[in-house]
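Novice: Take a look at this one; I'll ask things after.
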Amino acid sequence: METVDAVADRVEPVGATLASELIARAAAIGAGKPRAAGAALPRDLRAALRACEVRARRLADGWGQGAALDFLGDAVAAVAADHKFEQGEIRAAVTAAAEELGLRPEVAAFAVFRRALAGNEFAQLPPTVSVELALVLLAELAPAAAGSLWILDASGSTTCLVSHGKAPRSRRLREVARAALDGVLLGTAQVHARVVERWDRPYAALVVRGRGADAEHMEAYLAEAATALAPVLERASLYDRRVQREHELVSAGERRLVRLGFDLHDGPLQELVALAEELRAASRQISAVVPDEYQQRVRGRFNDVHARLGALDESLREVAHSIRSTTAVARPVADAVEGELRALANAAGIEGELAVDGELRGLSDSQKIVLFRVVQEALSNVRKHSGASRVSVALRSTRTFVGLTVTDNGDGFDPQRLTQDRMGLSGISERVRLLGGAVEIETRPGAGTTVRATLPRWRPSTPAAATVYAATT
């Protein structure tokens with residue numbers, strides 16, 4: 001018999017919504033009953049909801065309503081990593097669940113809000129996603145029409161980090177934010193502000209505009225949000241400093257590679273050209289004094305040397321071209337990867353395919369370059385060592401990470417020999433690690449090889465300076 005999850009894997013969601021699934025699961029938890037067959041949601045969402053449900057059911061015995069509300073709070077934060085909620089989706093789910101549980105909607109809304117911001121799922125989200133979720137929850141569950149988070153940038157200007165709702169960056173909200181950061185609260189009956197402190201000093205200002213007369217409980221929501229956002233912003237600051245350092249390391253490495261490319265072009269490649277000319281001259285001079293019966297043999301030997309010089313010249317030019325970072329930075333990542341697959345097919349006759357899942361436009365230059373280098377090195381090994389006839393590259397991007405998988409159907413190798421014979425693969429592991437990611441290599445003799453690289457999806461909490469790579473054209 002097929003399980004509910006197995007059926008959901010092969011059935012596209014038709015008319016079923018995430019909100020209806022949240023309501024059904026919360027009602028079942030509150031009543032202490034097993035859930036019925038669920039809606040056909042994507043696998044990742046089902047897994048997130050299942051994990052939240054397992055935790056909540058541990059509390060359900062004797063505390064059904066509280067466990068149900070905990071489930072809703074955890075689930076909202078858990079699915080926020082990969083699901084963008086539609087306007088009103090969370091509010092509708094919580095209101096309907098409150099009716100099923102026999103609770104007042106405003107009581108349920110505040111309990112779900114607190115749980116969503118206090119749970120592990122919220123803390124594990126990337127900082128910018130955490131702030132976005134907090135503002136979405138303020139608009140969905142609190143009586144807020146718009147909200148925004150502001151800081152003072154390096155120049156002393158008031159800068160909005162994240163916003164949500166209707167006109168969240170209006171001049172009025174900016175003025176209230178600036179005053180709050182200066183230690184003066186200028187809130188009104190409709191506009192509310194709360195300072196997010198860092199080391200007992202104002203670090204950010206959370207400003208919201210209420211919805212009419214419903215804004216009486218806004219201060220309680222803002223107090224919870226400010227408390228939850230303080231460690232998030234501290235984590236964002238650590239991310240910024242770490243990524244800036246990693247960016248400097250990657251940038252320095254790229255500059256060294258680019259310089260190496262120019263040195264190859266201006267040094268050894270030019271020497272090869274001169275050597276080829278000298279070899280042609282030597283061939284003519286020797287042919288003039290060699291007896292006729294040896295002419296063909298001498299020309300053959302010189303032609304062999306010319307061919308080897310030509311192959312060496314081509315190889316060095318490929319190396320000089322491949323280490324340029326502009327290919328990865330100036331073009332979309334998918335286009336750059338497709339170019340590498342086409343080059344592999346032309347050079348070695350190895351068929352390649354590319355699959356892309358998710359949006360890749362938000363990657364930083366450092367991330368693009370590292371992913372590109374991983375693809376280059378993996379495909380180079382496929383060409384030189386694998387004996388493969390086919391290779392596939394998969395790029396997957398979510399709100400929390402971007403993953404790259406390169407798989408070939410070749411001969412594979414003994415993983416124990418990786419550090420000895422595959423220094424390139426070891427090198428790309430270090431590149432990925434510098435950006436906070438990880439590399440996995442799965443292989444065994446006769447079974448092909450799979451290289452997986454995963455990078456955390458990161459966006460700076462403050463506007464970043466333009467990336468500059470020296471001499472990349």
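Novice: Here's a check for you: in segment 110-135, which residue that is under 19 Å from VAL94 (Cβ atoms) and under 21 Å from the mean Cα position of the chain (by Cα) is surrounded by the fewest Cβ atoms within 10 Å (Cβ to Cβ)?
Specialist: Within segment 110-135, the first condition is being under 19 Å from VAL94 (Cβ atoms), and the residues that meet it are 110-119, 121-122, 132-135.
Now narrow it down to the ones that are under 21 Å from the mean Cα position of the chain (by Cα): 121-122, 132-134.
Values: GLU121: 23, PHE122: 23, GLU132: 20, LEU133: 26, ALA134: 27.
Selected residue: GLU132.
Novice: Run down TYR239, TYR221 and say which single residue is open to solvent by 20 Å² or more (accessible area, probe 1.4 Å) and either outside any strand (DSSP E or B) or touching a His at 6+ places or on another chain (Cβ under 8 Å) (or both).
Specialist: Sole residue among the options that is open to solvent by 20 Å² or more (accessible area, probe 1.4 Å) and either outside any strand (DSSP E or B) or touching a His at 6+ places or on another chain (Cβ under 8 Å) (or both): TYR239.
Novice: Taking the stated definitions as given, is ARG10 under 20 Å from ALA80 (Cβ atoms), open to solvent by 20 Å² or more (accessible area, probe 1.4 Å), modelled with pLDDT under 80 and charged (D, E, K, R)? Walk me through it before giving the result.
Specialist: Numbers: under 20 Å from ALA80 (Cβ atoms): no; open to solvent by 20 Å² or more (accessible area, probe 1.4 Å): yes; modelled with pLDDT under 80: yes; charged (D, E, K, R): yes.
Against the criterion (under 20 Å from ALA80 (Cβ atoms), open to solvent by 20 Å² or more (accessible area, probe 1.4 Å), modelled with pLDDT under 80 and charged (D, E, K, R)), ARG10 does not qualify.
Novice: Oh, and also: Tell me, which residue of segment 267-290 that is without any contact (Cβ under 8 Å) to a residue 12 or more places away in the chain and either open to solvent by 60 Å² or more (accessible area, probe 1.4 Å) or touching an Asp or Glu at 6+ places or on another chain (Cβ under 6 Å) (or both) is nearest to GLY339 (Cα to Cα)?
Specialist: So the residue we want is GLN270.
Novice: If you don't mind, there's one more thing I want to ask. For segment 303-321: of the residues being open to solvent by 70 Å² or more (accessible area, probe 1.4 Å), at pLDDT 75 or above and within 39 Å of the chain's Cα centre (by Cα), which is nearest to ALA282 (Cα to Cα)?
Specialist: Result: LEU312.
Novice: Output the residue which, of all residues in segment 438-460 that are open to solvent by 20 Å² or more (accessible area, probe 1.4 Å) and part of a loop (DSSP other than H, G, I, E, B), is modelled with the lowest pLDDT.
Specialist: Among those residues, the one meeting the criterion is PRO460.
Novice: Look at PRO202 and say whether it is at pLDDT 80 or above and not in a helix (DSSP H, G or I). Spell out how you get there, then give the answer.
Specialist: Working: at pLDDT 80 or above: yes; not in a helix (DSSP H, G or I): yes.
Answer is yes for this residue.
Novice: Hey, any hits in segment 128-136 for a residue that's within 22 Å of ALA78 (Cβ to Cβ), of a type in the set (Asp, Glu) and out of contact with any strand residue (DSSP E or B) (no Cβ under 8 Å at 6 or more places or on another chain)?
Specialist: We begin by selecting, within segment 128-136, every residue within 22 Å of ALA78 (Cβ to Cβ); these are 128-136.
Remaining after also requiring of a type in the set (Asp, Glu): 132.
With out of contact with any strand residue (DSSP E or B) (no Cβ under 8 Å at 6 or more places or on another chain) added as a condition, the list becomes none.
Among the residues of segment 128-136, not one is within 22 Å of ALA78 (Cβ to Cβ), of a type in the set (Asp, Glu) and out of contact with any strand residue (DSSP E or B) (no Cβ under 8 Å at 6 or more places or on another chain), which makes the answer no.
Novice: Still on this model: When segment 378-393 is examined, which residues are found to be within 29 Å of the chain's Cα centre (by Cα) and either within 16 Å of ARG342 (Cβ to Cβ) or open to solvent by 50 Å² or more (accessible area, probe 1.4 Å) (or both)?
Specialist: Residues satisfying the conditions are ALA378, LEU379, SER380, VAL382, ARG383, ARG390, VAL391, SER392, VAL393.
Novice: State all residues of segment 395-418 that are over 12 Å from ILE441 (Cβ atoms) and part of a loop (DSSP other than H, G, I, E, B); if no residue qualifies, say none.
Specialist: Matches in segment 395-418: THR398, ARG399, THR400, ASN409, GLY410, ASP411.
Novice: Could I ask something else about it? Would it be correct to say that SER366 is among the small types (Gly, Ala, Ser), buried (at least 22 other Cβ atoms within 10 Å of the Cβ) and part of a helix (DSSP H, G or I)?
Specialist: So SER366 passes the test.
Novice: With the condition kept exactly as written, say whether any residue in segment 25-40 is over 24 Å from GLY102 (Cβ atoms), modelled with pLDDT under 80 and surrounded by fewer than 22 Cβ atoms within 10 Å (Cβ to Cβ).
Specialist: Checked segment 25-40: at least one residue is over 24 Å from GLY102 (Cβ atoms), modelled with pLDDT under 80 and surrounded by fewer than 22 Cβ atoms within 10 Å (Cβ to Cβ).
Okay, residues lined up against (1) modelled with pLDDT under 90; (2) open to solvent by 30 Å² or more (accessible area, probe 1.4 Å); (3) among the aliphatic types (A, V, I, L, M):
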residue: VAL337; (1), (2), (3): no, no, yes
residue: LEU341; (1), (2), (3): no, no, yes
residue: ALA347; (1), (2), (3): yes, yes, yes
residue: VAL370; (1), (2), (3): yes, no, yes
residue: ARG373; (1), (2), (3): yes, no, no
residue: LEU395; (1), (2), (3): no, no, yes
residue: VAL406; (1), (2), (3): no, no, yes
residue: GLY412; (1), (2), (3): yes, no, no
residue: LEU418; (1), (2), (3): yes, yes, yes
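The values are calculated or read from the model by the stated rules, or taken from the named source; none is laboratory data. Model, not experiment: these values are computed from the prediction. Quick reminder, even Gly has a Cβ in these numbers, built from the backbone with ideal geometry, and neighbours come from all protein chains shown. Quick note on the areas: whole protein, heavy atoms, side chains included, nothing else; ligands and nucleic acids left out. Shrake-Rupley method; radii C 1.70, N 1.55, O 1.52, S 1.80 Å.
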